[in-house]
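A.B. asks: Just dropping this structure here.
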Amino acid sequence: MRLLRHAACLAIVFAIVCVYLKLISVNATTVALTFLLAVLLIATVWGLAASVTTSVAAVLAFNFFFLPPVGTLTVEFSSPPSPPASSAPGRSGAPSKRSAAGARPNSCMRWAAPSCSTRASIAPCRTP
């Protein structure tokens, strides 16, 4: 019975790959969320072992069929685009004054512990 469940999990992953490769043209985010939904539904119905099988198969299928370079189990990293020179409000494209260590003044940030509310806030570090 367990072996049949694992085979059904692999068949579900295979069906998702076939639908998105042959029938519907979608982006990688849609495919990833479909795999996630399949893993969650299988975990709810059949439990942990079947969901782990589905999860591993989905990750391998997603990497092989939908992430560049397609057809390999590697991921191609590209450098993120650099922000425009005046991306911060109120700042010009002029170079900023930097300290000897190369950090921007007042750029030291830390997570402040929430006091009365349940949300954490970001507060500047206080340096002596």
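A.B. asks: Just checking, which of P89, P68 is at pLDDT below 95, outside any helix (DSSP H, G or I) and under 21 Å from I24 (Cα atoms)?
C.D. replies: Criteria check complete, one pass: P68.
A.B. asks: Only one of L36, L60, L67 is under 14 Å from the mean Cα position of the chain (by Cα) and under 18 Å from H6 (Cα atoms). Can you tell me which?
C.D. replies: L36
A.B. asks: Would you check which residues across the range 25-60 are aliphatic (A, V, I, L, M) and either outside any helix (DSSP H, G or I) or in contact with a Lys or Arg (Cβ under 8 Å, 6 or more places away or on another chain) (or both) and list them? Write out each step before concluding.
C.D. replies: Residues of the range 25-60 that are aliphatic (A, V, I, L, M), as a first pass: 26, 28, 31-33, 36-43, 45, 48-50, 52, 56-60.
Across the range 25-60, the qualifying residues are V26, A49, A50.
A.B. asks: What pairs come out if I take residues in the range 1-17 that are closer than 16 Å to A43 by Cα and in contact (Cβ under 8 Å) with a residue 24 or more places away in the chain and pair them with residues that are surrounded by 11 or more Cβ atoms within 10 Å (Cβ to Cβ) and of a type outside the set (A, V, I, L, M, F, W, C) whose C-beta lies under 6 Å away, six or more apart or interchain?
C.D. replies: Here the result reads H6/T53; C9/T53; C9/T54, each pair linking the range 1-17 to a residue that is surrounded by 11 or more Cβ atoms within 10 Å (Cβ to Cβ) and of a type outside the set (A, V, I, L, M, F, W, C).
A.B. asks: Can you confirm whether the range 56-74 contains a residue that is of a type outside the set (S, T, N, Q), touching a Ser or Thr at 6+ places or on another chain (Cβ under 8 Å) and surrounded by 12 or more Cβ atoms within 10 Å (Cβ to Cβ)?
C.D. replies: yes
The values are calculated or read from the model by the stated rules, or taken from the named source; none is laboratory data. In this text the structure is predicted, and so the values were computed from the model without any measurement. Neighbour counts run over all protein chains shown; Cβ positions are idealised from the backbone, glycine included.
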